[in-house]
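First up is the structure itself, then whatever we jot down about it.
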Amino acid sequence: MASHLQAELASLEQLGSLLDCTIPQGWPPGEYDESAQRFFYERLVEGGIAVVGWYGWYAIVNQDAGGTRTLIATGGFLGPPSDAGTIEVGYSVVPAWQGQGYAKEMIEGLIGFAFENSRVKRIIAHTTKENIASCKVLERLGFSQSKDEQKHLQIQYELLRARVPA
């Protein structure tokens, strides 16, 4: 929601209060920087309720029985499905929480959300060859490499609706 991004852009304390969680060292993770936050915020404000769910999501874990909640990751799409039915997914996990299966769990949830919408025919994701962990996550979830962009040192992966079990 735009209110979450507005709080995040204002201060991490406001975001933590709104989400009722602690914000760990290393937030924001990866490529989820201020420009990405502003992009998501602007798209949500422009698109209104019709685009909710097609941009950013947060991943929060309950660390203990006492209710300590920690924001550990972000993920989402770069917008609603295109006319051809393609969406792009992205994700970033706070370094201290990497390697514990949270990226896979987050992407599984996003895939489920996306394919609930009949307009979505294909999900793409971009990473680099050097990001072996990201490549493995995508491959474990059924994505296959569809393009190797040597110029930008990126790999594009795709997951087609036809390859996902019903």
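General remarks:
- Residue in the stretch 62-82 that is part of a loop (DSSP other than H, G, I, E, B), surrounded by 18 or more Cβ atoms within 10 Å (Cβ to Cβ) and either among the hydroxyl-bearing types (Ser, Thr, Tyr) or more than 14 Å from the chain's Cα centre (by Cα) (or both) present: yes
- Residue satisfying all of: in the stretch 120-135; among the charged types (D, E, K, R) and either out of contact with any Gly (no Cβ under 7 Å at 6 or more places or on another chain) or surrounded by fewer than 15 Cβ atoms within 10 Å (Cβ to Cβ) (or both); farthest from Glu88 (Cα to Cα) among these: Glu130
- Residue in the stretch 109-117 that is crowded, with 19+ Cβ neighbours inside 10 Å, polar (S, T, N, Q) and within 23 Å of Leu159 (Cβ to Cβ) present: no
- Among residues of the stretch 35-61, those that are in contact with a strand residue (DSSP E or B) (Cβ under 7 Å, 6 or more places away or on another chain) and in a loop (DSSP other than H, G, I, E, B), counted: 2
- Here Lys129, Lys104, Lys121 are screened, and the one residue that is basic (Lys, Arg), over 20 Å from Ala36 (Cα atoms) and under 17 Å from the mean Cα position of the chain (by Cα) is Lys104.
- Count of the stretch 1-37 residues, restricted to those that are out of contact with any helix residue (DSSP H, G or I) (no Cβ under 6 Å at 6 or more places or on another chain), more than 16 Å from Pro95 (Cβ to Cβ) and either exposed (fewer than 13 other Cβ atoms within 10 Å of the Cβ) or of a type in the set (Asp, Glu) (or both), is 8.
- Condition check for Ala96 on (1) more than 18 Å from Leu160 (Cβ to Cβ); (2) buried (at least 19 other Cβ atoms within 10 Å of the Cβ): one failure, at (2).
- Selection within the stretch 83-93 - more than 23 Å from Ser17 (Cβ to Cβ), among the aliphatic types (A, V, I, L, M) and surrounded by 17 or more Cβ atoms within 10 Å (Cβ to Cβ): Ile87, Val89
- Listed by position, the strands (runs of 3 or more DSSP E) contained in the stretch 102-160 that have at least 3 residues being more than 17 Å from Pro29 (Cα to Cα) and of a type outside the set (Val, Ile, Thr) are 144-149, 154-160.
- Close pairs (6 angstrom Cβ cut-off, 6 or more residues apart or separate chains): closer than 11 Å to Trp54 by Cβ in the stretch 80-91, hydroxyl-bearing (Ser, Thr, Tyr) and assigned to a loop (DSSP other than H, G, I, E, B) anywhere: none
Only the coordinates and a few stated rules stand behind these numbers; no lab work does. Keep in mind that what you see is a predicted model, and the values were worked out from it rather than measured. Here the Cβ is made from the backbone with ideal geometry for all residues, glycine too, and neighbour counts use every protein chain on show.
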